[in-house]
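The values are calculated or read from the model by the stated rules, or taken from the named source; none is laboratory data. Just so it is clear, the structure is predicted and the values come from calculations on it, not from any experiment. Every residue, glycine among them, receives a Cβ derived from its backbone with ideal geometry; neighbour counts consider all protein chains shown. Heavy atoms of the whole protein, side chains included, go into the accessibility calculation; ligands, DNA and RNA do not. Shrake-Rupley method; radii C 1.70, N 1.55, O 1.52, S 1.80 Å.
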Amino acid sequence: MDSARPHERPTAFDRMLTPVHRWIWSDTDRRVQKLLRFSETETDGGRDILRAAEVTSDPLLRRLYLEHAIDEFRHGVLFRHRAAELLKVSASRSSPGFHGDWLAPGGHGLDDLQVDGESDRNMLAFLHLSEKAAASRFTVYRDVMQHDPPTRAVFEEILHDETFHMNYTLTQLARVEPERHRRHLWRARLSRLWKAYLRLATGLAGMLGSMLLTIQYFVLLPPFAWLAKRAAHRERSGWTMVSPGHSDSLDRQY
Ligand SMILES: [Fe+2]
Ligand SMILES: [Fe+2]
């Protein structure tokens, strides 16, 4: 699709995180993992938008959703192909290291999309905000990718489509809900904010949990290990005679 206007400017929050994004994308292994995850997100999003095309009763929206879904499937393929090219040159393997998913998530947040039972106006408000977030993040990802021109070109190409998605969803929302489209946008914004908080809290909880377990391992376990060793030294080796009074009963273990 052609974009209706040039690229969206990234939000202040995404701009503020530019050094973090630069660090996350600097590692080739991490880049491969993130591109593969982005590919899944785009393809899943495309599937949901295809479902939205099936359930809407608005013929214009159905056509736009279909084109939108095709774009998202194509984005999935572009990300996957780029990840495969990087894998070839880096001989990377799937590593369980830090990928910063909650700091540098896939563009859309389309994974939160619930298609069935949603009205057109809710769907358009959700899609508009998701595409706006995607355009903002992909602008930053493209800008920090100077060291990898082919990946940068992939983001550049996808960004073009995301900007169009962002614009058409807003135009259509204003068409189907001319009076109250701003209210729907705010409601969708609050819902996204809540989900973003949950995602951040889950990421932080994971990090804090790992830190606490590591501290426990190095601080709490050594005294117990030392006590167990000392107790083991005190034990006599071999069989030990039991005093006669302690072995009267034969119907219990101790
Ligand atoms: Fe996309
Ligand atoms: Fe999109």
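I need the full set of residues from segment 20-38 which are of a type in the set (Phe, Trp, Tyr) and either within 17 Å of Ala153 (Cβ to Cβ) or in contact with a Pro (Cβ under 6 Å, 6 or more places away or on another chain) (or both), in order please.
Step one: filter segment 20-38 for residues of a type in the set (Phe, Trp, Tyr), giving 23, 25, 38.
Within segment 20-38, Trp25, Phe38 meet the criteria.
Only residues in segment 142-170 that are within 13 Å of ligand 2 (Cβ to nearest atom) count as the first member; pair them with residues that are open to solvent by 40 Å² or more (accessible area, probe 1.4 Å), Cβ under 6 angstrom, at least 6 apart or cross-chain, and list the lot.
Leu159/His7; Asp161/Met1; Thr163/His7; Phe164/Met1; Phe164/Ala4; Met166/Lys132; Asn167/Ala4
For segment 176-190, which positions are in contact (Cβ under 8 Å) with a residue 12 or more places away in the chain and assigned to a helix (DSSP H, G or I)?
Scanning segment 176-190 gives Val176, His181, His184, Leu185, Arg187, Ala188, Arg189.
Going through Leu35, Leu87, Leu60, Leu78 one at a time, which residue ends up being of a type in the set (A, V, I, L, M) and at pLDDT below 95? Don't jump to the end; show me each part of the working.
Values: Leu35 fails: at pLDDT below 95; Leu60 fails: at pLDDT below 95; Leu78 fails: at pLDDT below 95.
Residue meeting the stated conditions: Leu87.
Quick check on my filter: what residues within segment 8-63 are open to solvent by 30 Å² or more (accessible area, probe 1.4 Å) and part of a loop (DSSP other than H, G, I, E, B)?
Glu8, Arg9, Thr11, Asp27, Ser57, listed by residue number.
Looking at (1) assigned to a helix (DSSP H, G or I); (2) of a type outside the set (S, T, N, Q); (3) closer than 19 Å to Gln33 by Cα, which is the one condition that is false for Met145?
If we test Met145 against (1) assigned to a helix (DSSP H, G or I); (2) of a type outside the set (S, T, N, Q); (3) closer than 19 Å to Gln33 by Cα, just (1) comes out false.
I'm trying to understand the selection: among the residues of segment 111-130, which are open to solvent by less than 50 Å² (accessible area, probe 1.4 Å), within 14 Å of Thr41 (Cα to Cα) and either out of contact with any Leu (no Cβ under 9 Å at 6 or more places or on another chain) or modelled with pLDDT under 80 (or both)?
Listed by number, the residues that qualify are Asp112, Leu113.
Does segment 96-110 contain any residue that is within 16 Å of ligand 1 (Cβ to nearest atom), of a type in the set (A, V, I, L, M), modelled with pLDDT under 95 and in a helix (DSSP H, G or I)?
Keep residues of segment 96-110 that are within 16 Å of ligand 1 (Cβ to nearest atom), which gives 104-110.
With of a type in the set (A, V, I, L, M) added as a condition, the list becomes 104, 110.
Filter once more, keeping what is modelled with pLDDT under 95: 104, 110.
Within this subset, residues satisfying the condition of being in a helix (DSSP H, G or I) are 110.
The answer is yes, given that some residue of segment 96-110 is within 16 Å of ligand 1 (Cβ to nearest atom), of a type in the set (A, V, I, L, M), modelled with pLDDT under 95 and in a helix (DSSP H, G or I).
Report yes if Thr43 is modelled with pLDDT of 90 or more and in contact with a Leu (Cβ under 8 Å, 6 or more places away or on another chain), otherwise no.
Working: modelled with pLDDT of 90 or more: yes; in contact with a Leu (Cβ under 8 Å, 6 or more places away or on another chain): no.
No; evaluated as a whole, the condition is false for this residue.
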